[in-house]
Amino acid sequence: MDARAPAAPVLAPAPALLRAALDAATEAVLLCAADHSIVLVNAAASALLPDLAPGGTAARSPLAGLDRATADGAATFATEHRGRRLLGHRRPLGDDHYGWYLRDTTEEFARAEAFQTAISAVARCREQVDLTAILRADLVPPELPRPEGIELIGSYQAARAGGDSPGSLCAAGGDFYDVFGPAGGGSETVVALGDVCGRGPEAAVLTGKVRQTLRALSLVGSDPAQLLTVLNRALLGSRPRHRFVTLVVAAISRAGHGRVRMILATGGHPAPLVLRADGTVEAVPVSGTLIGVVPQIAVHPATIELAPGELCLLYSDGLTEARSGTEQYGEGRLGDVLASCHGLPGEAAVARVRRLVSDWAHGGLRDDIAMLAVRAPSRTKLSLMGSAPATSPFAIDARRGDRRGRSR
């Protein structure tokens, strides 16, 4: 009696029951013999790979990854075929047959790529937020000093319109103001208010560079025209030419009788406005070339004096260019609003201008607004009405002398 085990049945052709079972599977299956000939292709595999058919060989199939895996005896392969990403796993089916189980991973791969893109975007956003915080910390308006006999009032309002969030790097604007105290035994305080062209990181970096350069220059001189001239040379040698700055610089000192003297110069910036004691408003007669555009600039400075209670307003063009619909606020409205601040303290006047402009634009400011007001403090009016009797010893002696004269 022969005790040897019976040989495994050969699946050529496949029984109808086996084909039905494999066709019912959702996974694509290629059934191969030991010599790599393809014995059966189920329905899912036919739909995925129409070029594969029984009778061919896995070693020379139209699927490049299957060719290499068969030749190398690999258990898995990944390939791309006609725009689809396919993953194959080889599983033994007895001694004479094996199967390739194929899966279309195109959608999974796309989702993984989208997830990775999202993760990268979050990382970039985090870096952007951190960088913005660093830049903004260096660019925030300074705490204003209180020079004796001079009032300084500042205001900065960031743009709110548009798709950029206030914390985004793209929202970092270029409006700024700064104050530099007297240096080298001098008596003049230097103030500057400017606007760097554009927004975003380049504008923010250039804003910081302008402020630091002015701070350094103010240590050796306070002449506004000279400061603008040297700043222009410095910027031309250290930045891209498509960026420029508009700027107004003033050297402030005390004059006699409570007055404040200002020497002003501008580089392509709106002329400051002066609110006089009688309620009239006048523009300071200054003009100048944009800073950072051409090697030689023209600067025409002016000197003014503020009487007690008078105010000089330096501002960025975001104020006059604020829009309500298609209409700009304009210099005319600004002059009228400033005139309506006659008699108000400096802080109240700046707050009123800021509020009225914001209300007119319905809060949708499209550009930053920076303001810096210089004011000569009002004098306290003295009055004898309702005052207590004089207690001076000279007055007492005088009254005693009058009484002695009358008694004689």
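The values are calculated or read from the model by the stated rules, or taken from the named source; none is laboratory data. Predicted, not measured: the structure shown is a model, and the values here were computed from it. Every residue, glycine as well, gets a Cβ built from its backbone with ideal geometry; the counts of neighbours run over all protein chains shown.
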| Of the residues in the range 18-39, how many are not acidic (Asp, Glu) and not in a helix (DSSP H, G or I)? | 13
| Flag for residue 258 being in contact with a Cys (Cβ under 9 Å, 6 or more places away or on another chain) and on the phi > 0 side of the Ramachandran plot | no
| message | Is it the case, given these coordinates, that residue 350 is without any contact (Cβ under 8 Å) to a residue 40 or more places away in the chain and either aliphatic (A, V, I, L, M) or on the phi > 0 side of the Ramachandran plot (or both)? | response | no
| field | Flag for residue 213 being surrounded by 21 or more Cβ atoms within 10 Å (Cβ to Cβ) and without any contact (Cβ under 8 Å) to a residue 60 or more places away in the chain | value | no
| said: Cβ-Cβ distance below 9 Å, separation of 6 or more or different chains: which pairs start in the range 40-59 with a residue that is in a strand (DSSP E or B) and end on one that is β-branched (Val, Ile, Thr)? | reply: 40/29; 41/29; 57/38; 57/70
| remark: Of 137, 133, 204, 192, the only residue that is surrounded by 15 or more Cβ atoms within 10 Å (Cβ to Cβ), more than 19 Å from residue 270 (Cα to Cα) and either modelled with pLDDT of 95 or more or not acidic (Asp, Glu) (or both) is 204
| Condition test on residue 283, is it surrounded by fewer than 17 Cβ atoms within 10 Å (Cβ to Cβ), touching a Ser or Thr at 6+ places or on another chain (Cβ under 7 Å) and among the small types (Gly, Ala, Ser)? | no
| Being in contact with a helix residue (DSSP H, G or I) (Cβ under 6 Å, 6 or more places away or on another chain), in contact (Cβ under 8 Å) with a residue 40 or more places away in the chain, among the hydroxyl-bearing types (Ser, Thr, Tyr) and surrounded by fewer than 20 Cβ atoms within 10 Å (Cβ to Cβ), is that true of even one residue in the range 310-330? | yes
| query | From the set of residues in the range 72-81 that are closer than 16 Å to residue 92 by Cα and surrounded by fewer than 17 Cβ atoms within 10 Å (Cβ to Cβ), which is nearest to the chain's Cα centre (by Cα)? | reply | 76
| Which ranges mark the strands (runs of 3 or more DSSP E) fully within the range 292-408 that have 2 or more residues being within 20 Å of residue 151 (Cβ to Cβ), modelled with pLDDT of 90 or more and hydroxyl-bearing (Ser, Thr, Tyr)? | none
| task | Please indicate, with yes or no, whether at least one residue in the range 104-113 is part of a strand (DSSP E or B) and hydroxyl-bearing (Ser, Thr, Tyr). | result | no
| task | Just need a number here: residues in the range 286-304 that are free of Cβ contacts under 8 Å to residues at least 60 places away in the same chain, of a type outside the set (A, V, I, L, M, F, W, C) and surrounded by 15 or more Cβ atoms within 10 Å (Cβ to Cβ). | result | 2
| Verdict on residue 246 being in contact with a His (Cβ under 6 Å, 6 or more places away or on another chain), within 24 Å of residue 181 (Cα to Cα) and surrounded by 15 or more Cβ atoms within 10 Å (Cβ to Cβ) | yes
